[in-house]
Structures are given as C-alpha cells and as structure tokens.
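These notes are about the structure you will find just below.
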Amino acid sequence: MQCEKPYNRGALKKIVLASGGDGGLRCAMVSALNNDGQLDIVVANYGTNNIDILFKDGNCSFKSQVMLNSDSNSHPSSIAFGDLNGDNRLNIYVANIGDHNIDVFFGYDDGSFANQMNYSAGSYSQSVAVGDFKTDTCLDIVVTNYAENSISVLLEYDNRSFQIKRPIRLALIESLSLLVISTTIFNWILLLVILVVIM
C-alpha cells in the first residue's frame with residue numbers, strides 16, 4: 001500500500017512520534033527490519049539506556065514501538081545495521097558511550113530481536129559503522145572513541161568472534177601524515193639540488 005501524496009513535490013508534512021519516555025534521544029536510523037518492505041525507525045535513547053524500534057505500516061503511520069534494553073548506564077549514542085551472522089536478517093549495532101562497548105542485537109524475520117551480545121571497544125565509544133574490510137564476507141566494525149581520540153577496528157571471523165585491533169590514535173595519524181609530507185618535500189629539494197650540481 002502506498003502512502004497518500006496530497007502535497008506537492010518538495011513539500012514536507014511533519015509527523016511527531018513519541019519515543020520511550022525521557023530518553024535523551026541521540027541517534028535515529030531507518031531500515032526495513034521485519035521483511036515487509038517498509039522502512040522502520042530505530043532510535044537510541046541515551047538517558048533510558050535502550051533502543052526503540054517504530055515499525056512502519058502501509059499508510060505512513062507507525063505501530064507502537066518495540067523496546068530493546070541495553071545495560072544500565074550504557075548510554076547508547078549511535079546505531080548501524082548489518083548481517084553479522086549471515087542469515088539474511090539485519091542486526092542492530094549500538095555504540096555505548098557509557099559502557100565503552102558495542103551491543104549487537106540479532107534480528108528475526110518477525111521484527112523481534114535476541115538479547116544483545118557485547119563487544120569491548122574503546123573509552124567512551126561514541127559512533128559505530130560496519131563494513132567488510134577484509135573482503136571475506138564477514139562484517140567488521142569500526143568505532144570512534146571520544147575520550148581516547150581514537151578509532152577501534154573489530155575484525156570479525158566466521159564464529160562471530162572479533163579480533164580487536166589496537167586503537168588508532170588520531171594524533172598519531174596526523175603525525176604520520178606530517179612525516180610523509182615533510183619527507184616528500186625534502187626529497188624534492190634534494191632532487192633539485194642534485195640537478196643544479198649536475199648542470
């Protein structure tokens with residue numbers, strides 16, 4: 001069923017949806033989670049330590065939310081989607097700034113989810129993204145760590161285990177970039193000096 005379109009292209013209609021109490025909302029993402037072809041809304045509630053899912057029906061409205069509880073004082077702050085276990089169902093990845101870790105909620109066809117699995121990341125894990133960095137069809141996780149000014153990379157293997165790479169500090173990246181630039185400039189100057197001497 002298509003949404004009604006009584007408005008001109010480019011016009012917006014505001015719909016206000018309530019989430020789980022005084023949650024201190026930090027992040028909202030959309031994806032089709034229950035195989036009905038409709039985009040659903042997933043929200044991270046920083047203050048109440050949970051995730052809300054609002055399932056869309058066929059008439060541009062949303063059903064009552066499903067609430068996924070995280071650990072006490074986890075303070076979820078970022079959400080990503082991916083199929084971690086290769087069952088063709090989307091899982092929800094959550095960065096927890098309070099627990100310094102990542103939650104993964106494994107999804108089922110009906111839109112329900114199993115209890116989360118926790119994976120350690122870095123200090124104050126603020127943002128999460130997923131991708132197949134090793135090109136082996138296993139989804140890996142990258143996390144930004146606010147307190148450490150670093151990035152953690154969690155490389156996944158077939159049994160859902162992760163090899164956690166040493167956090168990459170952004171200050172180190174900047175230093176290496178400056179070193180490469182300085183070395184390149186020095187090499188060009190040295191080449192010019194050699195050319196002048198030869199001529």
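Run the dipole for segment 28-167 about the Cα centre, Lys and Arg Cβ at +1, Asp and Glu Cβ at -1, nothing else charged, and hand back the magnitude in debye, nearest 20.
That gives a dipole near 300 debye.
What is segment 31-170 by shape, rounded, prolate or oblate, if you read a ≥ b ≥ c off the alpha carbon gyration tensor as root eigenvalues and call it rounded for a/c under 1.5, prolate for a/b larger than b/c, and oblate otherwise?
In terms of gyration-tensor shape, oblate.
Values quoted throughout were computed directly from the atomic coordinates according to the rules given, and no laboratory measurement underlies them. Just so we're clear, the structure is a prediction, and the values are computed from it rather than from any experiment. Positions of Cβ are backbone-derived with ideal geometry, glycine not excepted, and every protein chain shown enters the neighbour counts.
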